[in-house]
Amino acid sequence: MTREYTNRKIVLNRRPQGDLRDGDLSMLSEPVRELSQGEFLLKTIWLSLDPYMRPRMSDIKNYLQPIGIGKVIVGETVSVVIESKSEKYKQGDFVTCFSGWQEYFLAHESMDNIYHIDDQGLPLSVFLGSAGMTGRTAYSGLTFIGKPKRGETLVVSAAAGSVGTVVGQLAKAQGCRTVGIAGGAQKCQFLLDEMGFDAAVDYRAGDLTGRLKSVCPDGIDIYFENVGGDVAKAVAPLLNKGARVPICGYVSAYNSQDLNTAETPMDIFGALSEPPEFRYFQVREWHDQYHQITGLLTEKVLNGEIKYTETIAQGLDSAEAAFIGLLGGANLGKQLVKVADY
Ligand SMILES: NC(=O)c1ccc[n+]([C@@H]2O[C@H](COP(=O)([O-])OP(=O)(O)OC[C@H]3O[C@@H](n4cnc5c(N)ncnc54)[C@H](OP(=O)(O)O)[C@@H]3O)[C@@H](O)[C@H]2O)c1
């Protein structure tokens, strides 16, 4: 290598019980070793913070592999190649990859899920949000499970977040009446003023079913589920016959002491006397369409059909606090950490 690097990384120290507490995560430093043939060194520019990271810190059955004790916290990044012994990845290339909460990552050209970014003049961070994983999640869940039709009413929870803002804008562009559920008057105003929602309801203000009913006079045809719990229960009585419910996540339960036994939206909607068409999905189900959907979303961001907002924490040291904030609703739009300049 032309110079020596020290990697700082955040690892799982012990499995959190409920909310993340001091001592659950630790910051460690280690020298980066020499590259072998086929390897390249990535420097993290942007780290994406996503709710799924919390369940992966626990030992959850039927979910993705838990993060091992002592292992780096998982996460997608935008990174730049700073040294390379690979023909495929050249110095100065920008990629998205799952290198986690760390400043450097020694990658090999044979690894999956490392993609060159075709930025088309957009800021690189967009490829972690609206034209990235959360955008693809919104597009896939809405299109393939929500199956929106002109004139239908769509409700989305966590509407002011990364997935929710894209769901609302895509559904609106397809002729749906869009209603967002979010925490607080400020987020609701943002949905109306900036994201083009037809109505927005603050779930913290009480009587959610009653207030949803008043803005959904024809009932709900599609409920895009991000939250679960009391929000799902408030939506359920308003679902029309033939309604579709893409279950994207249930962030309200992620800090549970035991997510294995927590109530899920599948439990809630499955228990209805006339259940809607619902199913839990993961964005990777449509991985074969990765490039096509990324291209489509990039185009929509470029032409202004999808607007985006980001909440940015500065430096890897701020990642843990920003992640706690994300689970508590401190973010507007996509939550990112700016790890380094480029
Ligand atoms: N299935 C998949 O492949 C996939 C992929 C990506 C994301 N997801 C899921 O999509 C959902 C949204 O993810 P995101 O990345 O876009 O996060 P996000 O919406 O940007 O951030 C999470 C938001 O959840 C809301 N929230 C937290 N606790 C809540 C509670 N108890 N009740 C109601 N709202 C609560 C907060 O907004 P408020 O201020 O409005 O409370 C917070 O801003 C999550 O469930 C995530 O797991 C699934």
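Please treat every number below as a calculation from the coordinates, not as lab data. Bear in mind the structure is a predicted one, so any value in this text is a computation, not a measurement. A quick note on method: Cβ atoms are made from the backbone with ideal geometry, for glycine too, and the neighbour counts reach across all protein chains shown.
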If one computes the Cα centroid of the stretch 237-300 and of the stretch 77-106, what distance in Å separates the two points?
-> 32 Å
Which is farthest toward the positive dipole end of the chain among Thr264, Gly304, Ser36, measuring Cα position about the Cα centre, with Cβ charges +1 (Lys, Arg) and -1 (Asp, Glu)?
-> Thr264
Return a whole-number percent for the relative contact order of the stretch 1-80, with Cα pairs under 8 Å and 6 or more residues apart as the contact set.
-> 36 percent
Assertion target for Thr77, Thr2, ordered by fewest C-beta neighbours within 10 angstrom first, is Thr2, Thr77
Any idea what the dipole of the chain comes to, in debye rounded to 20, about its Cα centre with Lys/Arg Cβ at +1 and Asp/Glu Cβ at -1?
-> 400 debye
In the stretch 84-242, what % of DSSP beta bridges are antiparallel (nearest 5)?
-> 15 percent
Total lysine pairs under 19 Å (Cα atoms) in the stretch 133-285, excluding pairs fewer than 8 apart on one chain = 8
Taking the Cα atoms only, what angle lies between the long axis of helix 319-328 and the longest principal axis of the chain, rounded to 10 degrees?
-> 10 degrees
Among Val32, Val156, Val11, which one moves the most in a GNM of the chain with springs linking Cα atoms closer than 10 Å?
-> Val32
Lysines with Cα under 17 Å of Lys9, excluding same-chain neighbours fewer than 8 positions away | Lys43, Lys71, Lys338
Taking springs between alpha-carbon atoms closer than 10 angstrom, which of Gly184, Gly228, Gly146 fluctuates most in the Gaussian network model of the chain?
-> Gly184
Work out from phi, with θ = phi - 60° and the Karplus expression 6.51 cos²θ - 1.76 cosθ + 1.60, the ³J(HN,Hα) of each residue of the stretch 219-231, listed in order in whole Hz, and give x for Gly and Pro.
-> x, 10, 9, 9, 10, 8, 8, 10, 10, x, x, 4, 5
About its Cα centre, the stretch 133-285 carries a charge dipole, from +1 on Lys and Arg Cβ atoms and -1 on Asp and Glu Cβ atoms, whose size in debye to the nearest 20 is 380 debye
Given the chain, what percent of its DSSP beta bridges are antiparallel, to the nearest 5?
-> 55 percent
Kindly provide the trypsin sites (Lys or Arg not before Pro) of the stretch 22-68 that DSSP labels as loop, not H, G, I, E or B, and whose Cβ sees at most 14 other Cβ atoms within 10 Å.
-> Arg33, Lys61
